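**Q** If you scroll down you'll find the structure; I have some questions about it.
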Amino acid sequence: MANTIAAAGVSCPVVLNGVGISKMWQHQGAPTLITCSTTATGAVELSRLVNTGCKLVGCGSAVPSLRVSNNDLAKIVDTNDEWISVRTGIRHRRVLSGKENLTDLAIEAAWKALEMADVPPEDVDLILMCSSTGDDRFGSAPVIQKALGCKRNPLAFDITAACSGFLLGLFSASCYIKAGGFKNVLVIGADAVSRFIDWTDRGSCILFGDAAGAVLVQACDIGEDGLFGFDLHSDGDGKRHLISTFKENETDDASHENHSVTSFPPKCSSYSYLQMNGKEIFKFAVRVVPQSIEAALEKAGLDGSNNFDWLLLHQANQRIIDGIATRLEVPSERVISNLANYGNTSAASIPLALDEAVRDGKVQPGHVIAAAGFGAGLTWASAIFRWG
Ligand SMILES: CC(C)(COP(=O)(O)OP(=O)(O)OC[C@H]1O[C@@H](n2cnc3c(N)ncnc32)[C@H](O)[C@@H]1OP(=O)(O)O)[C@@H](O)C(=O)NCCC(=O)NCCS
């Protein structure tokens, strides 16, 4: 018998046989169609979905040792501490230097998350490295897998979605667990935007820092499910407001047009510095994020600003964070913010702030967090989840 049911959250089409469905989806919101069937395979798939939830059981983070203050920046561009702190809330940022690299930061953050969760690396079956500025453009996740000593060679790959990357990784982890049977998924957000900054551009160089953060997402009984709702978007129209594009070697342009072998092999090209229209990004974030969080809360069945404990936004600018909190009517005591010390660390910002808040004892097991990431792409994503 073919059938459909209304379900929500993870939009993976799956084969079900129809037992216990309403219980399974009871705390989830907007409808996604799921096909039901009575085949034997369907029964197996159903039991996996009915019984599987996922929860966050560990977190960790790591930052480079070099700390750059606003006054340090004032020595290289025409700016000052007051302008930066009033307009952004940022006072310091960490920047990779010397022999440090991003993969090592990601490994350290992942280790700490595994340690907190008390899960050995052998038990990890998926590693998602969310980064747009990795050490290797073909991806760093498999190297992290080896360095952690994951002997069973779990699947490991990179996800590129700039400042929304970590939440898209979290969503992917929930799909892999709920529909794919994975048990322990490491989601790492790590970025070194300093590599693509024009350090003579005072409009952008003051904003960014480097860091890594990680969480371990674990399969659990559906009754303990702690990932309640997501809302995910992208809009390529706004891409021009925040870019770091592949730069053709200009001297080769004419010969390339002729498609001639004399222009082969091509000369080594590179990526341009980050270019940003700060005002447009500011307006975009304050416009879309409140709507997105409200949509995620609705999907989680938790509408209203009093139904979660903490607002945890991508740490881009304190004025953006304050603007979104005001629209959502969340008082500042319930807003997590650490960008004064780190600036905008792109995909690392949410897990880095979460890790600090957990280790400081602010975020306690059972607390519900409304999180949102936004940035280049443009992409934006919200997630409602429980810690622990
Ligand atoms: C970048 C940002 C801080 C600029 O703040 P702003 O209030 O929009 O400032 P403006 O760009 O309008 O600049 C105002 C003035 O300050 C100057 N200014 C810009 N950067 C400056 C700096 N670092 N120090 C001193 N003056 C600066 C400008 O040149 C301009 O001067 P003018 O009025 O003489 O032309 C702000 O737009 C922002 O944070 N946007 C979001 C960016 C972001 O979060 N990107 C990443 C998203 S993932």
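The values are calculated or read from the model by the stated rules, or taken from the named source; none is laboratory data. Quantities reported herein were computed from a predicted structural model and do not represent experimental measurements. When we count neighbours, we look across all protein chains shown, and the Cβ atoms used for this are built from the backbone with ideal geometry, even at glycine.
**Q** Quickly run through segment 96-141 and pick out the residues that are basic (Lys, Arg) and either in a strand (DSSP E or B) or farther than 19 Å from residue 154 by Cα (or both).
**A** First, the residues of segment 96-141 that are basic (Lys, Arg): 99, 112, 137.
Correct list: 99, 137.
**Q** I've got another one for you. Which of the following residues is of a type in the set (Ser, Thr, Tyr) and within 16 Å of the ligand (Cβ to nearest atom): 305, 292? I'd like the intermediate steps shown before the answer.
**A** Numbers: 305 fails: within 16 Å of the ligand (Cβ to nearest atom).
Going through 305, 292 in turn, just one is of a type in the set (Ser, Thr, Tyr) and within 16 Å of the ligand (Cβ to nearest atom): 292.
**Q** Is it the case that segment 116-130 has a residue that's farther than 22 Å from residue 282 by Cα and within 16 Å of the ligand (Cβ to nearest atom)?
**A** First, the residues of segment 116-130 that are farther than 22 Å from residue 282 by Cα: 116-130.
From what is left, the residues that are within 16 Å of the ligand (Cβ to nearest atom) are 130.
For segment 116-130, residues farther than 22 Å from residue 282 by Cα and within 16 Å of the ligand (Cβ to nearest atom): present.
**Q** Specify the residue that is farthest from the ligand (Cβ to nearest atom); the eligible residues are those in segment 259-284 that are at pLDDT 80 or above and aliphatic (A, V, I, L, M).
**A** Looking at the filtered set, the residue picked out is 274.
**Q** For segment 316-333, enumerate the residues that are without any contact (Cβ under 8 Å) to a residue 60 or more places away in the chain and more than 9 Å from the ligand (Cβ to nearest atom). Please lay out each step first, then the result.
**A** Our first condition is that a residue be without any contact (Cβ under 8 Å) to a residue 60 or more places away in the chain; within segment 316-333, this holds for 320, 322-333.
Across segment 316-333, the qualifying residues are 322, 323, 324, 325, 326, 327, 328, 329, 330, 331, 332, 333.
**Q** Quick one: would you say residue 223 is within 14 Å of the ligand (Cβ to nearest atom), surrounded by fewer than 18 Cβ atoms within 10 Å (Cβ to Cβ) and either assigned to a strand (DSSP E or B) or small (Gly, Ala, Ser) (or both)? Full working, then the answer.
**A** On the way: within 14 Å of the ligand (Cβ to nearest atom): no; surrounded by fewer than 18 Cβ atoms within 10 Å (Cβ to Cβ): yes; either assigned to a strand (DSSP E or B) or small (Gly, Ala, Ser) (or both): yes.
It is false that residue 223 is within 14 Å of the ligand (Cβ to nearest atom), surrounded by fewer than 18 Cβ atoms within 10 Å (Cβ to Cβ) and either assigned to a strand (DSSP E or B) or small (Gly, Ala, Ser) (or both).
**Q** Would you check which residues across segment 67-95 are outside any strand (DSSP E or B) and among the polar types (S, T, N, Q) and list them?
**A** In the first step, residues of segment 67-95 are kept if they are outside any strand (DSSP E or B); the result is 70-91.
Residues satisfying the conditions are 70, 71, 79, 80, 85, 88.
**Q** So, in segment 108-132, exactly how many residues are buried (at least 24 other Cβ atoms within 10 Å of the Cβ) and either under 28 Å from residue 67 (Cβ atoms) or touching a His at 6+ places or on another chain (Cβ under 9 Å) (or both)? Can you show your working first?
**A** Our first condition is that a residue be buried (at least 24 other Cβ atoms within 10 Å of the Cβ); within segment 108-132, this holds for 109-110, 113, 124, 127-131.
Next, only the ones that are either under 28 Å from residue 67 (Cβ atoms) or touching a His at 6+ places or on another chain (Cβ under 9 Å) (or both) stay: 109-110, 113, 129-131.
Looking only at that region, the number is 6.
**Q** Write out, first by first residue and then by second, each pair whose Cβ atoms fall under 6 Å of each other, whose residues are 6+ apart or on separate chains, and whose first residue, in segment 348-365, is within 19 Å of residue 192 (Cα to Cα) while the second is in a helix (DSSP H, G or I) and among the aromatic types (Phe, Trp, Tyr).
**A** Pairs that qualify, where the first residue is within 19 Å of residue 192 (Cα to Cα) and the partner is in a helix (DSSP H, G or I) and among the aromatic types (Phe, Trp, Tyr), are 350/166; 351/166.
**Q** Does residue 292 meet the test of being on the phi > 0 side of the Ramachandran plot and crowded, with 20+ Cβ neighbours inside 10 Å?
**A** Numbers: on the phi > 0 side of the Ramachandran plot: no; crowded, with 20+ Cβ neighbours inside 10 Å: yes.
Answer is no for this residue.
**Q** Quickly run through segment 334-388 and pick out the residues that are part of a helix (DSSP H, G or I), more than 14 Å from the ligand (Cβ to nearest atom) and on the phi > 0 side of the Ramachandran plot.
**A** Across segment 334-388, there are no qualifying residues.
**Q** Of all residues in segment 226-241, which are part of a strand (DSSP E or B) and either modelled with pLDDT under 95 or acidic (Asp, Glu) (or both)?
**A** Result: 231, single match.
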